[in-house]
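The values are calculated or read from the model by the stated rules, or taken from the named source; none is laboratory data. It should be emphasised that the depicted structure is a prediction, and the values quoted were computed from it without experimental measurement. For neighbour counting, all protein chains shown are included, and Cβ atoms are generated from backbone atoms with ideal geometry for every residue, glycine included.
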């Protein structure tokens, strides 16, 4: 199997399993489903590295697989495109960095998985900082200070909880890397088949970009952040104009961002990749589409 066919095969596998696993997690209302999807990506990339060991291009395989899978996400008919594409591509390139630095071995895969595991926490934080700006930091500092005065929960406690959650994710990631080494082809095939065939009954209709953006604004985490921001302005005796501007900014910014990630025209990207400097990605993409049709 040549480089492009190998990349296309695993990119199609990653895309197919993302759909199956994502549907499964959503049907059971599993919180932080993005963390589980990133672990699944780590498993697929670890397996790909294991299977391509000895090839000259093996260190670049995680990057190629993830980039092609991200492009495949852009071809989906509905739903968010830009943010999942960013997550898949960024996580894949971070994973590849570990392999490039330390080689296609347990150490390289472990470091790559460490970087991949962190990105699933960093990207949402960056988006919320973009929406709420420095007010998010002021709000967090204000409420942590107030809570610490009336409860035994201090800043160090909250930081400890956050670090513990991140540490658990990193440990799970390392276990995934080890599993990729020792899983037999038969057991991995069973995992692959089970998730590829996962079909979740749903009465939901595909939302228009406008309705989808409004629904994203109803996300509990976004609403809680907005509510806490309003309380922060109220208790800090901010002026009415400051309060209104402070609340309208994330609302307007959130709506625009959530709308754009649904309507941004990404469909032409696959054709552009076949031209210029990205011919290799375009060739791998063609192979991936062939494999996807066979799933």
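Taken as a whole, region 132-154 holds no residue that is loosely packed, with under 13 Cβ neighbours inside 10 Å, within 30 Å of residue 41 (Cα to Cα), modelled with pLDDT of 80 or more and out of contact with any helix residue (DSSP H, G or I) (no Cβ under 6 Å at 6 or more places or on another chain). You will find that of 61, 78, 70, the residue that is touching a helix residue (DSSP H, G or I) at 6+ places or on another chain (Cβ under 9 Å) and modelled with pLDDT of 90 or more is 61 and no other.
Is it true that some residue in region 85-93 is within 30 Å of residue 243 (Cβ to Cβ), within 24 Å of the chain's Cα centre (by Cα) and surrounded by 16 or more Cβ atoms within 10 Å (Cβ to Cβ)? No - not one qualifying residue is present in region 85-93. The set of residues from region 32-75 being farther than 22 Å from residue 102 by Cα and outside any helix (DSSP H, G or I) comprises 32, 75.
All of (1) surrounded by fewer than 18 Cβ atoms within 10 Å (Cβ to Cβ); (2) closer than 22 Å to residue 164 by Cα hold for residue 117 with one exception: (1). Annotation note: Cβ proximity below 9 Å between a residue of region 29-54 that is touching a residue at least 40 places away in the same chain (Cβ under 8 Å) and at negative phi and a residue that is surrounded by 17 or more Cβ atoms within 10 Å (Cβ to Cβ) and in a loop (DSSP other than H, G, I, E, B) (sequence gap 6+ or interchain) occurs for 43/183; 47/183; 49/104; 50/104; 52/104; 53/104.
Selection within region 211-223: residues that are assigned to a helix (DSSP H, G or I) and either in contact with a helix residue (DSSP H, G or I) (Cβ under 7 Å, 6 or more places away or on another chain) or within 17 Å of residue 132 (Cα to Cα) (or both). The member of this set that is modelled with the highest pLDDT is 223. Residue 51 satisfies every condition listed in (1) crowded, with 19+ Cβ neighbours inside 10 Å; (2) out of contact with any helix residue (DSSP H, G or I) (no Cβ under 7 Å at 6 or more places or on another chain); (3) at pLDDT 90 or above except (1). Residues that are at pLDDT 70 or above and either exposed (fewer than 12 other Cβ atoms within 10 Å of the Cβ) or outside any loop (DSSP other than H, G, I, E, B) (or both) within region 189-208 comprise 189, 190, 191, 192, 193, 194, 195, 196, listed in sequence order.
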